[in-house]
Every structure is written in C-alpha cells, then in structure tokens.
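These notes concern the structure reproduced below.
The values are calculated or read from the model by the stated rules, or taken from the named source; none is laboratory data. Not measured: the values here are computed from a predicted model. Here Cβ is always computed from backbone atoms with ideal geometry, including for glycine, and neighbour counts include all displayed protein chains. Heads up: the accessible areas ignore ligands, DNA and RNA and are worked out on the full protein's heavy atoms, side chains in. Shrake-Rupley method; radii C 1.70, N 1.55, O 1.52, S 1.80 Å.
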Amino acid sequence: MAQMQSHDDEQAEPTRRDFIYIATAATAAVGAGSLAWPLVAQMGAAADTLAAGSIEIDLSKLSEGQQIKVLWRGKPVFVRYRTPKEIAEADSVDMAVLPDPQTDDERLRANPGGTLNKQFLVMVGVCTHFGCIPVGEAGDFDGWYCPCHGSHYDTSGRIRKGPAPDNMVIPNYEYLSDTVIKVG
Ligand code: FES
C-alpha cells in the first residue's frame with residue numbers, strides 16, 4: 001500500500017510541473033506563431049484548405065537560421081532553415097549513439113529534381129515523451145530542448161538524451177516545387 005502511495009506521489013508531482021512548462025511553451029509558441037501565420041496568410045492558404053488537412057508553405061520566405069511554426073491538424077509543425085553548421089552536425093552523428101537511429105537524409109524529402117534540400121527540416125514540433133512543445137536552438141545538441149522533463153533533440157530533431165523515446169515525427173509532406181512544400 002505504501003508503495004502505491006509513493007507511486008501516486010511520483011505521478012502527481014510531474015503533473016504540476018508539466019502545467020507550468022506547458023503554459024510556458026504555449027506562450028513561446030504564440031511568439032513564434034506571430035511570425036508563422038502572416039507567412040501562411042501570404043501564401044494564400046484558404047480556410048477550406050486548412051480544414052482539409054493540408055497546407056502549403058513557401059520556403060523561399062525563410063532565411064538561414066530561421067524557424068517558423070505552422071499549425072497543421074492541430075499540431076505545430078516546425079520548419080527550420082538550417083545553417084551549414086547544423087547540417088554538418090546532423091550528418092556527422094554516429095548511428096550507434098542514437099536511441100532512435102535514423103540518418104538525417106532519411107528525415108528529409110526529395111524535391112522535384114530528386115535531390116534533398118538539406119537546409120530545410122520539416123517536422124512535427126511535439127516532444128515524443130508526453131507531448132510538450134520543445135524549444136528551438138537549445139539543449140546539449142544545438143537542436144531542440146523539451147523543458148517538461150529534459151529531452152534533448154539534435155539538429156535533425158532526433159532524440160539524443162532524456163526520457164523521450166523517439167525522434168520528433170516527420171509529417172507527410174512533399175515538394176511541389178523547389179521551394180514550396182505541401183504538408184498533409
Ligand atoms: S514531454 Fe516529457 S520530456 Fe518532453
């Protein structure tokens with residue numbers, strides 16, 4: 001019985017902390033969203049397109065080192081224009097150290113010419129532990145950091161340290177041209 005009480009206490013404590021961190025993450029998302037939504041509006045995404053579950057994003061509006069968040073099917077999608085340093089870091093990782101082994105190339109989609117735009121990383125910006133929104137350009141691997149329970153993701157969005165079990169998810173998306181993608 002005492003053991004069960006202890007277990008309950010363990011469950012209760014992170015829940016209170018989660019609320020604080022989730023609130024913080026939501027505040028951060030609003031700030032980034034103010035950048036993302038105008039971009040989406042410029043792209044002419046109609047309300048019925050959003051409702052249908054797909055969205056087009058013009059990558060030419062991003063500059064190196066910039067990240068936007070767009071809402072897709074109720075989830076934030078991160079689109080990051082990675083720097084050469086971030087790409088080099090993502091490519092230099094030994095697969096043996098990854099909890100969820102995946103090459104950086106496997107996490108990208110080819111453009112119509114059949115090549116990878118290595119600079120653009122597109123992924124669902126949700127921590128695979130309990131669903132918080134990780135913070136960009138943070139953590140031990142120059143990628144994303146989830147403050148809820150301390151998960152560190154690298155510049156490819158792969159889990160490297162902490163309780164999250166999997167890499168951040170790559171959504172279904174395709175390149176409509178060299179600079180326009182359709183998510184969903
Ligand atoms: S939700 Fe627990 S580490 Fe991200």
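Points worth noting:
- Yes/no for Gly113 being more than 11 Å from the ligand (Cβ to nearest atom) and loosely packed, with under 14 Cβ neighbours inside 10 Å: yes
- Only one of the numbered conditions (1) open to solvent by less than 60 Å² (accessible area, probe 1.4 Å); (2) more than 16 Å from the ligand (Cβ to nearest atom); (3) in a strand (DSSP E or B) is not met by Glu86, and that is (3).
- Residue in region 154-165 that is over 14 Å from the mean Cα position of the chain (by Cα) and among the polar types (S, T, N, Q) present: no
- Flag if Ala138 is within 9 Å of the ligand (Cβ to nearest atom), out of contact with any Gly (no Cβ under 7 Å at 6 or more places or on another chain), free of Cβ contacts under 8 Å to residues at least 40 places away in the same chain and open to solvent by less than 40 Å² (accessible area, probe 1.4 Å): no
- Failed item in (1) within 13 Å of the ligand (Cβ to nearest atom); (2) in a loop (DSSP other than H, G, I, E, B), with His152 passing the rest: (2)
- Taking (1) under 19 Å from Val93 (Cβ atoms); (2) in contact with a helix residue (DSSP H, G or I) (Cβ under 9 Å, 6 or more places away or on another chain); (3) of a type in the set (A, V, I, L, M); (4) open to solvent by 60 Å² or more (accessible area, probe 1.4 Å) in turn, Val169 satisfies each apart from (2).
- Checking each residue of region 125-140 against the condition of being farther than 16 Å from Leu98 by Cα and of a type in the set (Ser, Thr, Tyr) gives no match.
- Meets criteria (buried (at least 18 other Cβ atoms within 10 Å of the Cβ) and in a loop (DSSP other than H, G, I, E, B)) for Thr128: yes
- Matching residues, region 143-174, being touching a residue at least 60 places away in the same chain (Cβ under 8 Å) and among the small types (Gly, Ala, Ser): Ser156, Gly157
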